[in-house]
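Here's the structure we're looking at; comments come further down.
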Amino acid sequence: MNAVLSVQTALADTQQKSEGVWHAAWRRFKTDRVGMISLVIVVSFLLLIVLSGLGLVGAKWQDEVGVPNAPPVFVGARPPAATGAIEVPTGPNVDLSDIDPLAPRYKEWEERAKQFQTTETVKAQTLPLGADRLGRDVLAKTIKGTEISVFVGVMAALVATTIGVLLGAFGGFFGGKVGDLLEWVYNVFESIPNILLIFAFAAVVGRGVQSVVIILALTGWTGMYRQVRAEFIKHSSREYVRSAEAIGATRMSRMFRHILPNVSHVVLVRMGLLVVGFIKAEVILSYLGLGVRVDQVSWGTMLAESQAELLLGHWWQLAAATLFMAVFVTAFSLMADALRDALDPKLRGLE
């Protein structure tokens, strides 16, 4: 009887320790000040994305609410000029029709800007990040662009991670003909230059948010596969996996209940790199006209638009997109590093 109670107590203690792994990881993560600050920033961005998706912020980013290329204005009124009228922005003195398709509309914008002139004080709209060349609020555009760019990066990383983890787990655990087949598929994808593969998929799938997610996921799973496969090969022969096999654990149980949690830190770090890389890839695709549709906005389309604006000295749209992208990418990378350290099995013995 005492022997049975001892065995039950030992099993209960083992289950309690297994359940406490994630709790201990969270406790270690909370001691990382940089990781916690990064987590707060990432959560704030995700909350902003949810609010934007619900239409509570950034929903009217396409509305022309101000003078074209209006500089950043916070709160207050702009007094009239000494002559009793505001200075009207004029078009450039150089011909930009070759690089700026909207150059012929500069005269139209000048006429529309004159409508804002009065002999009294002119109430300036609150545009903290200014307006673009169509008079749209840059802050609203940046919020909406953040929603699309981050959504594309995170969703593409999740899909690529799922593909890479599943294929890597099967290839590393089973080996043999299954491993050879998956290695052949991997080598086919790796033999083609990544940029050409992306352009090929883009030509077939087309433009749009969902298309970009599919393109990036289908071209970005190989790194995850290679690393997960190596980890599964290493862990599949260890004692804890053999012990699980001895007590009757199935192959799926050994793969995803025993091995996968012990390589989760590798998966998280790689996924963090994928999110950062996919956001950059989306920016490049949208900048080249192969990303989101023309009726949508992302950080890439904002950077493409700001190219012509910089020639006129209008820097605020470029600064807004760059600032938002740099803050999110940096915070996400630091958060992924902190999660890796918290989940690393080598650190669990330091409790």
In this structure, does I259 turn out to be of a type in the set (V, I, T) and in contact with a helix residue (DSSP H, G or I) (Cβ under 6 Å, 6 or more places away or on another chain)? yes
Is it the case that the range 201-212 has a residue that's closer than 18 Å to L273 by Cα and assigned to a helix (DSSP H, G or I)? yes
Considering (1) at pLDDT 85 or above; (2) surrounded by fewer than 21 Cβ atoms within 10 Å (Cβ to Cβ), say which one A244 fails and leave the rest. (1)
Name the pairs whose Cβ atoms lie under 8 Å apart, with the first residue in the range 243-257 and without any contact (Cβ under 8 Å) to a residue 12 or more places away in the chain and hydrophobic (A, V, I, L, M, F, W, C), the second assigned to a helix (DSSP H, G or I) and surrounded by 11 or more Cβ atoms within 10 Å (Cβ to Cβ), and 6 or more positions between them or separate chains? A249/R257; A249/H258
What are the residues in the range 320-342 that are in contact (Cβ under 8 Å) with a residue 60 or more places away in the chain and of a type in the set (G, A, S), if any? A320, A321, A331, S333, A336, A338, A342
Please pick out the residue among I148, I163 that is modelled with pLDDT of 90 or more and closer than 21 Å to I233 by Cβ. I163
Among the residues of the range 229-241, how many are touching a helix residue (DSSP H, G or I) at 6+ places or on another chain (Cβ under 9 Å) and assigned to a helix (DSSP H, G or I)? 9
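Yes or no, residue by residue, for (1) at pLDDT 80 or above; (2) surrounded by fewer than 22 Cβ atoms within 10 Å (Cβ to Cβ); (3) more than 26 Å from V40 (Cα to Cα):
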| site | (1), (2), (3) |
| --- | --- |
| T301 | yes, no, yes |
| A304 | yes, yes, yes |
| A321 | yes, no, no |
| D337 | yes, yes, no |
| L347 | no, yes, no |
| L350 | no, yes, yes |
Restricting to the range 27-51, name every residue that is over 22 Å from the mean Cα position of the chain (by Cα) and closer than 16 Å to D337 by Cβ. R28, K30, T31, D32, R33
Only one of these conditions is not met by D132: (1) under 18 Å from the mean Cα position of the chain (by Cα); (2) of a type in the set (D, E, K, R); (3) modelled with pLDDT under 90. Which number is it? (1)
In the range 38-66, which residue that is farther than 20 Å from D295 by Cα, of a type in the set (V, I, T) and touching a residue at least 40 places away in the same chain (Cβ under 8 Å) is surrounded by the fewest Cβ atoms within 10 Å (Cβ to Cβ)? I41
G176 vs. criteria within 14 Å of the chain's Cα centre (by Cα), among the small types (G, A, S) and in the same structural domain as Y225 (by TED's automatic domain parsing): no
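The values are calculated or read from the model by the stated rules, or taken from the named source; none is laboratory data. Only a predicted model underlies this, so the values are computations on that prediction, with no experimental measurement involved. Every residue, glycine among them, receives a Cβ derived from its backbone with ideal geometry; neighbour counts consider all protein chains shown.
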